[in-house]
1. Looking at segment 202-209, can you tell me whether even one residue there is without any contact (Cβ under 8 Å) to a residue 40 or more places away in the chain, open to solvent by 10 Å² or more (accessible area, probe 1.4 Å) and not in a loop (DSSP other than H, G, I, E, B)?
2. So, residue 235, is that one among the charged types (D, E, K, R) and either open to solvent by 30 Å² or more (accessible area, probe 1.4 Å) or modelled with pLDDT of 95 or more (or both) or not?
3. For segment 251-268, which positions are surrounded by fewer than 16 Cβ atoms within 10 Å (Cβ to Cβ) and either of a type in the set (Phe, Trp, Tyr) or closer than 30 Å to residue 187 by Cβ (or both)?
4. Determine if segment 154-161 includes at least one residue that is open to solvent by less than 10 Å² (accessible area, probe 1.4 Å), within 30 Å of residue 272 (Cα to Cα), in contact (Cβ under 8 Å) with a residue 60 or more places away in the chain and assigned to a helix (DSSP H, G or I).
5. Among the residues that make up segment 270-288, is at least one of them assigned to a loop (DSSP other than H, G, I, E, B), farther than 16 Å from residue 298 by Cβ and open to solvent by less than 10 Å² (accessible area, probe 1.4 Å)?
6. If you go through segment 135-145 one residue at a time, do you hit one that is open to solvent by 40 Å² or more (accessible area, probe 1.4 Å), in contact (Cβ under 8 Å) with a residue 24 or more places away in the chain, in contact with a helix residue (DSSP H, G or I) (Cβ under 6 Å, 6 or more places away or on another chain) and assigned to a helix (DSSP H, G or I)?
Amino acid sequence: ANTAKWGNPLGLRKSDCAAWADGLDLPNRGETILYTGCEYQMTAYIRSLVEVLKKVKFRDALFSAASGFQTVGGRLGVGLIKISTKETVREHYNHLLRMAALTLRKLGIDFAYVDGELYSGALLYEYGLFEQFKQQAKRVVSQFKEAGVKRIIALSPHSAEVFQQVYPRFIDHFDCEVIPYVNIVAEALNKLRTTLSLPQPLTLTLHDPCHLARTLKVTEEPRQVLRSIHNLDLREVATNRELTCCCGAPSETIFPELSELVAIRRVEELAATGAEAAVTLCPFCYSNLRRGADLAGNQIRIVDFVEIVYQ
């Protein structure tokens with residue numbers, strides 16, 4: 001219902017999704033766009049949502065109540081969940097998006113950000129709600145056509161996967177070129193032969209997101225970029241690339257306790273490399289591993305790929 005009414009599963013308003021781009025003067029039309037899918041923006045609220053779900057026995061009743069609360073007047077955003085999420089958390093995720101955009105600018109890539117960007121609908125597809133997914137996909141494609149989009153730089157692996165592999169099965173003549181963010185960065189760095197260096201030495205391990213490594217088969221591009229950065233020592237975790245382990249995020253709003261156990265296990269595997277930090281390339285992996293790190297006693301710091309490249 002939220003996706004149909006507001007364009008994304010949590011019912012974030014247009015202003016919530018686009019706040020990160022304030023002051024960047026990005027065009028809202030163009031052949032190449034940076035697509036966030038409102039995923040980083042939604043991730044800011046997931047931790048608060050999960051904490052509520054853990055305390056509520058009748059979760060279906062909670063969602064029904066939240067949906068009704070959300071519908072009234074349309075001015076309450078995500079309602080109680082938004083109230084319980086700190087502004088610093090929302091700003092943290094917005095800052096990640098700004099870093100991603102500024103990095104593309106530094107690399108000389110021209111791109112736009114579609115005004116009122118809609119969520120891809122990936123979650124609807126994953127839950128088997130195919131008719132609702134098709135309707136959302138039609139809305140997204142219509143928005144792309146209106147904005148003149150021909151190439152999509154997908155920041156999240158979930159978006160890249162659904163555009164590349166699912167949209168063509170539901171939407172006739174969907175022919176936009178879809179490129180994961182890490183691929184465009186790797187390609188640009190290789191072309192420019194730009195030398196990158198971190199301000200301080202850092203030992204790092206890489207958590208391959210399942211959708212990026214298993215489905216899209218994108219495993220070497222992140223390593224290519226990370227190994228090109230001076231002052232960075234990359235250490236591989238035992239289970240990597242297509243054999244990566246899940247971060248636990250897929251079950252966090254259904255079985256939150258199980259999700260935490262999976263996250264803790266993965267954090268411990270990453271920490272066993274002896275690295276100071278673990279980097280990932282998916283907002284949901286990033287959020288859930290950060291929660292796992294907190295629960296595991298902060299054995300390792302969790303960072304996003306865009307943070308490392310931007311630094």
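1. No - not one qualifying residue is present in segment 202-209.
2. In short, yes.
3. Within segment 251-268, 255 is the sole residue that qualifies.
4. Yes, segment 154-161 contains a residue that is open to solvent by less than 10 Å² (accessible area, probe 1.4 Å), within 30 Å of residue 272 (Cα to Cα), in contact (Cβ under 8 Å) with a residue 60 or more places away in the chain and assigned to a helix (DSSP H, G or I).
5. yes
6. No, segment 135-145 has no match at all.
The values are calculated or read from the model by the stated rules, or taken from the named source; none is laboratory data. Treat the numbers as computed from the prediction; the structure is a model and nothing was measured. Note that each Cβ is placed from the backbone with ideal geometry, even for glycine, and that neighbours are counted across all protein chains shown. Quick note on the areas: whole protein, heavy atoms, side chains included, nothing else; ligands and nucleic acids left out. Shrake-Rupley method; radii C 1.70, N 1.55, O 1.52, S 1.80 Å.
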